[in-house]
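Here's the structure, in structure tokens; my notes come after.
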Amino acid sequence: MKEIKYDKYYWQSAKIRLRPMLPEDWEESYYNMFDSEARRKLQYQIELPTSLELEQEGVNKFVNFNTETNRYMFTIETLDGTNVGALNLNSIDERNGTFSIGMQVGRDYRGKGYGTAAMRILLRYAFFERRLNKYYGSVLETNIASPTMLKKVGCVQEGVQRQMVYTDGRYHDIILYGLTKEEFIENEKKFQDLSLRKE
């Protein structure tokens, strides 16, 4: 097979590439299930213990963009092919043009900009290829990393749902974020300007 040239590939940035979830991705997913605090911030609860079989089954549900799941599940990998996390496009409402995105960057790869780069690619796809108009999402109040990333891509805090989640012995607020297509375009212009200044 010829060597793939990625220089004009839509699903890639200077940091990462998005690809379909594959059966072998269960191993990284399993590894990250033992980071209970990160999983609490993602799922808003402590999950029951997992097993190799459960993780394999879970990943296999989403392999190769299984349309029955109503989620487009991607694996985030570095340009050398290292699996660093996963994200998905979900809750698509075609009538109202709204959608959400879920993401987990692996515990060994956080703080390197992989999540932000992946989010930018998927937002661009949702806004410019799927004709969607607004991203919406929420984070647990104890989650510091996700709001930082959301603000980098242009999201605006829209509200607080007070004492919505019970975990770790108390009730927690949920912080709501949103991003319209117009806001994304404006933020991307600023991002491009900053990138050009650094070169």
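Computed from the coordinates by the stated procedures, all read-outs in this text should not be read as laboratory data. Everything quoted here is computed from the prediction, not taken from an experiment. FYI the Cβ positions are ideal-geometry reconstructions off the backbone, even for glycines, and counts take in every protein chain you see.
Miscellaneous remarks
- Sites Leu48 and Gln192, calculated FRET efficiency, Cβ-Cβ separation with R0 30 Å, nearest 0.05: 0.10
- Applying Stokes-Einstein at 25 °C and 0.890 mPa s to the Kirkwood radius of the chain, computed over alpha-carbon pairs, gives a translational diffusion coefficient of 137 µm² s⁻¹.
- Length available on full extension from Ile144 to Thr82: 0.36 nm per residue minus the Cα-Cα distance, which gives 19.8 nm.
- Exposed chymotrypsin sites (Phe, Trp or Tyr not before Pro) absent: longest stretch of the chain, with sites in DSSP loops and at most 16 other Cβ within 10 Å deemed exposed: 66-199
- Value of D in µm² per second that Stokes-Einstein yields for segment 1-99, Kirkwood Rh from Cα pairs, at 37 °C (0.692 mPa s): 215
- Restricting segment 54-131 to GluC sites (Glu not before Pro) in coil, as DSSP defines it, with at most 15 other Cβ within 10 Å: Glu94, Glu129
- Projected label distance in nm at Glu183 and Asp35, using a 7 Å step from Cα toward the beta-carbon: 2.6
- For segment 16-198, the dipole from Cβ point charges (+1 on Lys and Arg, -1 on Asp and Glu) about the Cα centre works out to 860 debye, to the nearest 20.
- Between Tyr171 and Tyr9, the distance separating the two model label sites (each 7 Å from Cα on the Cα→Cβ line) works out to 4.8 nm.
- Model label sites at Glu158 and Glu94, defined 7 Å from Cα along the beta-carbon direction, differ in position by 2.2 nm.
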